[in-house]
1. Which pairs turn up if I take residues in the range 140-151 that are free of Cβ contacts under 8 Å to residues at least 60 places away in the same chain and look for partners that are part of a loop (DSSP other than H, G, I, E, B) and not aromatic (Phe, Trp, Tyr) with beta carbon separation below 7 Å, at least 6 apart in sequence or on another chain?
2. State whether the residues of the range 269-285 include one that is in contact with a helix residue (DSSP H, G or I) (Cβ under 9 Å, 6 or more places away or on another chain), farther than 24 Å from Arg304 by Cα and either at pLDDT below 85 or not hydrophobic (A, V, I, L, M, F, W, C) (or both).
3. Can you tell me which residue among Pro161, Pro213 is over 20 Å from Gln357 (Cα atoms) and over 15 Å from the mean Cα position of the chain (by Cα)?
4. Looking only at the range 22-47, count how many residues are within 20 Å of Pro66 (Cβ to Cβ) and either outside the structural domain of Val88 (by TED's automatic domain parsing) or in a loop (DSSP other than H, G, I, E, B) (or both).
5. So, of the residues in the range 1-56 that are without any contact (Cβ under 8 Å) to a residue 12 or more places away in the chain, surrounded by fewer than 15 Cβ atoms within 10 Å (Cβ to Cβ) and among the hydrophobic types (A, V, I, L, M, F, W, C), which turns out to be farthest from Leu322 (Cα to Cα)?
6. Limited to the range 77-95, what total is found for residues that are over 18 Å from Ile11 (Cβ atoms) and touching a helix residue (DSSP H, G or I) at 6+ places or on another chain (Cβ under 9 Å)?
7. Which one is farthest from the chain's Cα centre (by Cα), of the residues in the range 75-106 that are over 13 Å from Ile44 (Cα atoms) and of a type in the set (Ser, Thr, Tyr)?
Amino acid sequence: MLDAGYLLLMIGPLAAPLPAPLPLTEAVKSVSVNSGGTRSGFQISFHTGKTSPLNLAMLPLGFFDPMITRVVITMVYRGIPQVLMDGVVTRQEIAPSNTPGESTLTLTGEDLSVLMDVVQVRMPWPAVPEAGRVATILAKYAAFGIVPMVIPPMMPSVDSPTSRFDTQDATDRAYLDQLAQANSYVFFVEPGPVPLTSIAYFGPDIRIPVPQPALNVNMDAFTNVESLSFSLDGLAKKQTILLTYDPATGKIPIPVPVPNLSLTHPPLGLRPTPPAQILFEGAATRLTPDRAAKRALEIMMSARDAITGQGSLDVAAYGGILRARMLVGVRGAGLAYDGLYYVNTVSHTISPGRYRQSFTLSRDGLIAAGPAVLP
(Lines give C-alpha, C1' and ligand atoms only; values in the text may rest on other atoms or scores of the structure.)
Protein backbone atom coordinates (compact mmCIF):
# COMPACT_ATOMS: atom_id res chain seq x y z
CA MET A 1 0.00 0.00 0.00
CA LEU A 2 2.96 2.32 0.70
CA ASP A 3 6.56 2.08 -0.43
CA ALA A 4 7.67 1.49 3.17
CA GLY A 5 4.57 -0.17 4.61
CA TYR A 6 1.48 -2.23 4.09
CA LEU A 7 -1.80 -2.95 5.85
CA LEU A 8 -2.75 -6.24 7.51
CA LEU A 9 -6.46 -6.84 8.04
CA MET A 10 -8.00 -9.61 10.14
CA ILE A 11 -11.75 -10.13 10.31
CA GLY A 12 -14.06 -12.84 11.56
CA PRO A 13 -15.75 -14.21 14.72
CA LEU A 14 -15.05 -12.58 18.08
CA ALA A 15 -13.00 -15.47 19.40
CA ALA A 16 -10.82 -16.07 16.33
CA PRO A 17 -10.68 -13.53 13.50
CA LEU A 18 -8.67 -14.69 10.50
CA PRO A 19 -6.63 -12.86 7.85
CA ALA A 20 -9.01 -11.20 5.41
CA PRO A 21 -9.47 -13.15 2.15
CA LEU A 22 -7.97 -11.74 -1.03
CA PRO A 23 -11.29 -10.46 -2.54
CA LEU A 24 -11.85 -8.46 0.63
CA THR A 25 -8.38 -6.90 0.83
CA GLU A 26 -8.50 -5.98 -2.85
CA ALA A 27 -11.83 -4.23 -2.27
CA VAL A 28 -10.52 -1.94 0.52
CA LYS A 29 -11.20 1.69 -0.39
CA SER A 30 -10.10 3.45 2.81
CA VAL A 31 -9.46 2.78 6.49
CA SER A 32 -9.94 5.31 9.30
CA VAL A 33 -8.96 4.81 12.94
CA ASN A 34 -9.46 7.26 15.82
CA SER A 35 -7.36 6.58 18.92
CA GLY A 36 -6.28 8.31 22.09
CA GLY A 37 -9.60 8.99 23.80
CA THR A 38 -11.39 6.86 26.36
CA ARG A 39 -12.98 5.04 23.41
CA SER A 40 -11.37 4.33 20.05
CA GLY A 41 -13.22 3.70 16.80
CA PHE A 42 -12.67 2.66 13.22
CA GLN A 43 -14.35 2.76 9.82
CA ILE A 44 -13.52 0.68 6.75
CA SER A 45 -14.96 1.30 3.29
CA PHE A 46 -14.98 -1.40 0.60
CA HIS A 47 -15.70 -1.23 -3.12
CA THR A 48 -18.61 -3.50 -3.97
CA GLY A 49 -20.94 -4.22 -6.86
CA LYS A 50 -23.58 -6.59 -8.20
CA THR A 51 -21.08 -9.37 -8.91
CA SER A 52 -18.79 -8.71 -5.95
CA PRO A 53 -18.27 -11.60 -3.49
CA LEU A 54 -18.99 -9.12 -0.72
CA ASN A 55 -22.49 -8.58 -2.09
CA LEU A 56 -23.21 -12.12 -3.29
CA ALA A 57 -21.86 -14.20 -0.41
CA MET A 58 -20.27 -12.38 2.52
CA LEU A 59 -23.12 -10.02 3.39
CA PRO A 60 -25.93 -12.62 3.09
CA LEU A 61 -23.96 -15.17 5.15
CA GLY A 62 -23.38 -12.71 8.00
CA PHE A 63 -19.65 -12.19 7.50
CA PHE A 64 -19.97 -8.52 8.57
CA ASP A 65 -22.78 -8.80 11.14
CA PRO A 66 -22.50 -6.20 13.95
CA MET A 67 -21.45 -7.20 17.48
CA ILE A 68 -20.21 -10.64 16.42
CA THR A 69 -17.57 -9.57 13.88
CA ARG A 70 -14.11 -8.65 15.14
CA VAL A 71 -11.66 -6.54 13.14
CA VAL A 72 -7.91 -6.21 13.75
CA ILE A 73 -6.09 -3.48 11.81
CA THR A 74 -2.28 -3.67 11.80
CA MET A 75 0.06 -1.35 9.93
CA VAL A 76 3.52 -2.68 9.12
CA TYR A 77 5.73 0.35 8.48
CA ARG A 78 9.43 -0.08 7.75
CA GLY A 79 9.26 -3.63 9.04
CA ILE A 80 7.70 -2.74 12.41
CA PRO A 81 4.08 -3.89 12.95
CA GLN A 82 1.81 -1.59 14.97
CA VAL A 83 -1.71 -2.63 15.92
CA LEU A 84 -3.92 0.38 15.24
CA MET A 85 -7.25 -1.19 16.17
CA ASP A 86 -8.70 -4.35 17.68
CA GLY A 87 -12.43 -3.84 17.78
CA VAL A 88 -15.94 -4.98 17.00
CA VAL A 89 -18.19 -3.99 14.12
CA THR A 90 -21.18 -2.06 15.47
CA ARG A 91 -22.74 -0.83 12.23
CA GLN A 92 -22.74 -1.67 8.52
CA GLU A 93 -23.90 0.55 5.67
CA ILE A 94 -24.38 -0.24 1.98
CA ALA A 95 -24.51 2.54 -0.58
CA PRO A 96 -25.41 1.28 -4.09
CA SER A 97 -24.47 3.64 -6.91
CA ASN A 98 -25.64 4.08 -10.50
CA THR A 99 -22.00 4.68 -11.47
CA PRO A 100 -20.07 1.44 -12.04
CA GLY A 101 -17.45 0.81 -9.36
CA GLU A 102 -18.80 3.47 -6.97
CA SER A 103 -20.96 1.24 -4.74
CA THR A 104 -19.51 0.98 -1.24
CA LEU A 105 -19.88 -1.10 1.90
CA THR A 106 -18.87 0.70 5.10
CA LEU A 107 -18.16 -1.00 8.43
CA THR A 108 -18.07 1.12 11.58
CA GLY A 109 -16.99 -0.13 14.97
CA GLU A 110 -15.37 0.51 18.35
CA ASP A 111 -12.59 -1.05 20.37
CA LEU A 112 -13.19 -4.16 22.47
CA SER A 113 -14.51 -2.12 25.39
CA VAL A 114 -17.85 -2.04 23.56
CA LEU A 115 -18.28 -5.68 24.65
CA MET A 116 -18.33 -4.41 28.24
CA ASP A 117 -21.23 -2.08 27.48
CA VAL A 118 -23.85 -4.63 26.44
CA VAL A 119 -25.31 -6.29 29.56
CA GLN A 120 -26.49 -4.36 32.61
CA VAL A 121 -25.23 -6.03 35.79
CA ARG A 122 -26.49 -5.70 39.35
CA MET A 123 -23.72 -6.86 41.66
CA PRO A 124 -22.95 -6.00 45.31
CA TRP A 125 -19.32 -5.39 46.25
CA PRO A 126 -19.12 -5.61 50.09
CA ALA A 127 -15.69 -4.70 51.51
CA VAL A 128 -13.99 -5.05 48.11
CA PRO A 129 -11.49 -2.28 47.22
CA GLU A 130 -11.78 -0.56 43.85
CA ALA A 131 -8.72 -2.32 42.40
CA GLY A 132 -10.17 -5.72 43.30
CA ARG A 133 -13.47 -4.87 41.63
CA VAL A 134 -11.77 -3.71 38.45
CA ALA A 135 -9.58 -6.82 38.23
CA THR A 136 -12.57 -9.11 38.82
CA ILE A 137 -14.65 -7.42 36.12
CA LEU A 138 -11.85 -7.44 33.55
CA ALA A 139 -11.12 -11.12 34.17
CA LYS A 140 -14.35 -11.97 32.34
CA TYR A 141 -12.91 -10.64 29.08
CA ALA A 142 -9.62 -12.55 29.08
CA ALA A 143 -11.00 -14.84 26.34
CA PHE A 144 -10.79 -11.89 23.91
CA GLY A 145 -7.10 -11.31 24.63
CA ILE A 146 -7.71 -8.40 27.02
CA VAL A 147 -4.93 -8.14 29.61
CA PRO A 148 -5.75 -5.95 32.65
CA MET A 149 -3.34 -3.29 33.89
CA VAL A 150 -4.81 -2.01 37.15
CA ILE A 151 -3.09 0.60 39.30
CA PRO A 152 -4.65 0.83 42.79
CA PRO A 153 -6.02 4.26 43.74
CA MET A 154 -3.64 6.56 45.57
CA MET A 155 -6.13 6.99 48.43
CA PRO A 156 -8.17 3.77 48.66
CA SER A 157 -11.24 3.72 50.85
CA VAL A 158 -12.98 0.52 51.96
CA ASP A 159 -16.17 0.84 53.99
CA SER A 160 -17.36 -1.69 56.55
CA PRO A 161 -20.04 -3.93 54.97
CA THR A 162 -22.16 -3.46 58.10
CA SER A 163 -22.40 0.29 57.43
CA ARG A 164 -22.52 0.53 53.63
CA PHE A 165 -21.18 -1.08 50.49
CA ASP A 166 -21.19 -0.26 46.81
CA THR A 167 -23.46 -1.96 44.31
CA GLN A 168 -22.90 -2.12 40.59
CA ASP A 169 -26.12 -1.30 38.75
CA ALA A 170 -24.80 -0.62 35.26
CA THR A 171 -22.86 -2.24 32.47
CA ASP A 172 -19.26 -3.19 33.20
CA ARG A 173 -17.99 -0.37 31.04
CA ALA A 174 -20.18 2.25 32.73
CA TYR A 175 -19.21 1.01 36.20
CA LEU A 176 -15.50 1.04 35.37
CA ASP A 177 -15.90 4.61 34.11
CA GLN A 178 -17.60 5.53 37.40
CA LEU A 179 -14.75 4.04 39.45
CA ALA A 180 -12.17 5.78 37.28
CA GLN A 181 -13.90 9.15 37.61
CA ALA A 182 -14.25 8.75 41.38
CA ASN A 183 -10.50 8.23 41.70
CA SER A 184 -9.44 10.80 39.04
CA TYR A 185 -8.30 7.90 36.88
CA VAL A 186 -8.95 6.92 33.28
CA PHE A 187 -10.08 3.63 31.82
CA PHE A 188 -9.51 2.59 28.23
CA VAL A 189 -8.63 -0.46 26.13
CA GLU A 190 -5.47 -0.08 24.04
CA PRO A 191 -4.89 -2.54 21.17
CA GLY A 192 -1.64 -4.47 20.94
CA PRO A 193 1.23 -4.74 21.35
CA VAL A 194 0.66 -7.84 19.18
CA PRO A 195 -2.44 -8.75 17.16
CA LEU A 196 -5.36 -10.33 19.06
CA THR A 197 -4.23 -8.83 22.37
CA SER A 198 -5.25 -5.60 24.09
CA ILE A 199 -4.41 -3.85 27.36
CA ALA A 200 -7.26 -2.69 29.60
CA TYR A 201 -5.72 0.21 31.53
CA PHE A 202 -7.20 1.51 34.79
CA GLY A 203 -5.03 4.15 36.40
CA PRO A 204 -3.84 7.76 36.26
CA ASP A 205 -3.67 9.47 32.88
CA ILE A 206 0.10 9.21 32.38
CA ARG A 207 1.83 9.74 29.05
CA ILE A 208 4.72 7.45 28.15
CA PRO A 209 7.81 9.68 28.68
CA VAL A 210 9.55 8.58 25.47
CA PRO A 211 9.63 11.43 22.90
CA GLN A 212 8.70 10.51 19.35
CA PRO A 213 10.43 12.04 16.31
CA ALA A 214 9.83 15.80 16.38
CA LEU A 215 7.21 17.59 14.32
CA ASN A 216 8.95 20.18 12.13
CA VAL A 217 6.96 23.12 10.78
CA ASN A 218 8.11 26.11 8.71
CA MET A 219 11.57 24.58 8.25
CA ASP A 220 11.78 24.37 4.44
CA ALA A 221 13.18 20.98 3.40
CA PHE A 222 13.06 19.69 6.99
CA THR A 223 9.31 20.30 7.33
CA ASN A 224 7.49 17.00 7.96
CA VAL A 225 3.94 18.15 8.79
CA GLU A 226 1.22 19.44 6.48
CA SER A 227 -0.33 21.82 9.03
CA LEU A 228 0.16 22.73 12.69
CA SER A 229 -1.47 25.41 14.84
CA PHE A 230 -1.60 26.27 18.54
CA SER A 231 -3.94 28.16 20.85
CA LEU A 232 -3.62 29.41 24.42
CA ASP A 233 -6.83 29.46 26.46
CA GLY A 234 -6.53 32.08 29.18
CA LEU A 235 -9.55 30.69 31.06
CA ALA A 236 -8.33 27.09 31.20
CA LYS A 237 -6.46 27.38 34.50
CA LYS A 238 -8.42 27.77 37.75
CA GLN A 239 -7.42 28.18 41.38
CA THR A 240 -9.66 26.10 43.66
CA ILE A 241 -9.85 26.72 47.40
CA LEU A 242 -11.30 24.01 49.62
CA LEU A 243 -13.07 25.11 52.77
CA THR A 244 -12.72 22.79 55.74
CA TYR A 245 -13.26 23.17 59.48
CA ASP A 246 -10.44 23.15 61.99
CA PRO A 247 -10.03 19.75 63.69
CA ALA A 248 -10.09 21.23 67.22
CA THR A 249 -13.48 22.99 67.35
CA GLY A 250 -14.99 21.87 64.06
CA LYS A 251 -16.49 25.36 63.59
CA ILE A 252 -13.79 27.64 62.20
CA PRO A 253 -13.53 27.44 58.39
CA ILE A 254 -10.00 27.11 57.05
CA PRO A 255 -9.29 27.85 53.35
CA VAL A 256 -6.93 25.34 51.76
CA PRO A 257 -5.64 26.31 48.28
CA VAL A 258 -5.31 23.35 45.94
CA PRO A 259 -2.33 23.66 43.56
CA ASN A 260 -3.47 24.11 40.00
CA LEU A 261 -1.03 21.46 38.81
CA SER A 262 -1.77 17.99 37.52
CA LEU A 263 0.38 15.33 39.15
CA THR A 264 0.34 13.23 35.99
CA HIS A 265 0.72 16.11 33.50
CA PRO A 266 3.54 18.32 34.77
CA PRO A 267 4.11 21.55 32.83
CA LEU A 268 6.37 21.12 29.82
CA GLY A 269 6.98 24.86 29.49
CA LEU A 270 9.14 27.22 31.51
CA ARG A 271 6.41 29.85 31.92
CA PRO A 272 3.23 28.20 33.26
CA THR A 273 -0.12 29.78 32.50
CA PRO A 274 -1.44 31.68 35.57
CA PRO A 275 -4.96 30.84 36.80
CA ALA A 276 -7.67 33.25 35.65
CA GLN A 277 -10.47 32.14 37.99
CA ILE A 278 -10.74 31.52 41.73
CA LEU A 279 -13.33 28.99 42.88
CA PHE A 280 -14.38 28.11 46.42
CA GLU A 281 -15.45 24.55 47.18
CA GLY A 282 -17.52 24.51 50.36
CA ALA A 283 -18.74 20.94 50.01
CA ALA A 284 -15.46 19.69 51.50
CA THR A 285 -16.62 20.86 54.96
CA ARG A 286 -19.08 17.95 55.04
CA LEU A 287 -16.47 15.36 54.04
CA THR A 288 -14.33 13.20 56.27
CA PRO A 289 -10.60 14.02 56.20
CA ASP A 290 -9.78 11.12 53.85
CA ARG A 291 -12.65 12.05 51.52
CA ALA A 292 -11.56 15.71 51.55
CA ALA A 293 -8.01 14.69 50.65
CA LYS A 294 -9.39 12.52 47.87
CA ARG A 295 -11.40 15.49 46.58
CA ALA A 296 -8.29 17.70 46.59
CA LEU A 297 -6.41 15.03 44.66
CA GLU A 298 -9.28 14.84 42.16
CA ILE A 299 -9.08 18.59 41.54
CA MET A 300 -5.34 18.40 40.98
CA MET A 301 -5.59 15.43 38.63
CA SER A 302 -8.28 17.14 36.54
CA ALA A 303 -6.26 20.33 35.90
CA ARG A 304 -6.44 21.26 32.22
CA ASP A 305 -3.59 22.13 29.89
CA ALA A 306 -3.90 25.71 28.69
CA ILE A 307 -2.10 25.22 25.37
CA THR A 308 -3.60 22.98 22.71
CA GLY A 309 -2.39 22.19 19.22
CA GLN A 310 -3.77 20.42 16.21
CA GLY A 311 -2.35 19.44 12.87
CA SER A 312 -1.94 16.81 10.18
CA LEU A 313 0.92 14.98 8.54
CA ASP A 314 1.79 12.48 5.84
CA VAL A 315 3.44 9.40 7.35
CA ALA A 316 5.84 9.09 4.40
CA ALA A 317 7.14 12.63 5.00
CA TYR A 318 7.17 12.23 8.79
CA GLY A 319 9.08 8.96 8.55
CA GLY A 320 7.07 7.07 11.17
CA ILE A 321 3.67 6.55 12.77
CA LEU A 322 2.71 9.12 15.40
CA ARG A 323 1.15 7.43 18.45
CA ALA A 324 -1.25 8.84 21.03
CA ARG A 325 -0.60 8.91 24.80
CA MET A 326 3.08 9.69 24.28
CA LEU A 327 5.29 12.79 24.00
CA VAL A 328 6.43 14.55 20.84
CA GLY A 329 8.65 17.53 20.21
CA VAL A 330 7.81 20.55 18.03
CA ARG A 331 10.32 22.65 16.07
CA GLY A 332 9.81 25.76 13.97
CA ALA A 333 6.74 27.12 15.81
CA GLY A 334 8.71 29.90 17.49
CA LEU A 335 10.39 30.40 20.85
CA ALA A 336 7.08 30.42 22.74
CA TYR A 337 5.59 27.21 21.33
CA ASP A 338 8.58 25.00 20.53
CA GLY A 339 9.30 22.09 22.85
CA LEU A 340 7.64 18.89 24.08
CA TYR A 341 3.89 18.23 24.00
CA TYR A 342 1.51 15.49 25.06
CA VAL A 343 -0.12 13.67 22.14
CA ASN A 344 -3.78 13.38 23.13
CA THR A 345 -5.50 11.90 20.08
CA VAL A 346 -4.46 10.61 16.67
CA SER A 347 -6.68 9.84 13.68
CA HIS A 348 -5.35 7.53 10.97
CA THR A 349 -6.62 7.70 7.39
CA ILE A 350 -5.24 4.99 5.10
CA SER A 351 -6.01 4.65 1.39
CA PRO A 352 -4.15 2.97 -1.47
CA GLY A 353 -0.77 4.72 -1.77
CA ARG A 354 -1.31 7.19 1.07
CA TYR A 355 -1.27 7.26 4.87
CA ARG A 356 -2.24 10.50 6.63
CA GLN A 357 -2.68 11.35 10.29
CA SER A 358 -4.38 14.20 12.12
CA PHE A 359 -3.56 14.81 15.78
CA THR A 360 -4.15 16.98 18.84
CA LEU A 361 -1.47 18.10 21.30
CA SER A 362 -1.49 19.83 24.68
CA ARG A 363 0.78 21.19 27.39
CA ASP A 364 0.90 23.92 30.00
CA GLY A 365 3.41 26.73 29.78
CA LEU A 366 5.20 28.69 27.09
CA ILE A 367 8.88 28.34 26.09
CA ALA A 368 10.55 24.94 25.84
CA ALA A 369 11.87 23.53 29.10
CA GLY A 370 15.04 22.18 27.46
CA PRO A 371 17.72 23.77 25.30
CA ALA A 372 16.95 21.52 22.30
CA VAL A 373 14.09 19.41 20.96
CA LEU A 374 15.03 15.74 20.69
CA PRO A 375 15.01 13.54 18.71
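The values are calculated or read from the model by the stated rules, or taken from the named source; none is laboratory data. From a predicted model like this one, the values you see are computed outputs, not experimental measurements. So basically every Cβ, Gly included, is an ideal-geometry build from the backbone, and we count neighbours across all protein chains shown.
1. Note: pairs meeting the criteria are Gly145/Leu196; Gly145/Thr197; Val147/Thr197; Ile151/Pro204.
2. Within the range 269-285, one or more residues are in contact with a helix residue (DSSP H, G or I) (Cβ under 9 Å, 6 or more places away or on another chain), farther than 24 Å from Arg304 by Cα and either at pLDDT below 85 or not hydrophobic (A, V, I, L, M, F, W, C) (or both).
3. Values: Pro213 fails: over 20 Å from Gln357 (Cα atoms).
Exactly one of Pro161, Pro213 is over 20 Å from Gln357 (Cα atoms) and over 15 Å from the mean Cα position of the chain (by Cα), namely Pro161.
4. 3
5. In this case the residue turns out to be Leu56.
6. 1
7. Result: Thr99.
Per-residue answers, yes or no, for (1) out of contact with any Leu (no Cβ under 7 Å at 6 or more places or on another chain); (2) in the same structural domain as Gln181 (by TED's automatic domain parsing); (3) at pLDDT below 90; (4) over 30 Å from Ser35 (Cβ atoms):
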{"site": "Thr288", "(1), (2), (3), (4)": "yes, no, yes, yes"}
{"site": "Arg291", "(1), (2), (3), (4)": "yes, no, yes, yes"}
{"site": "Leu297", "(1), (2), (3), (4)": "yes, no, yes, no"}
{"site": "Arg323", "(1), (2), (3), (4)": "yes, no, no, no"}
{"site": "Val328", "(1), (2), (3), (4)": "no, no, no, no"}
{"site": "Ala336", "(1), (2), (3), (4)": "no, no, no, no"}
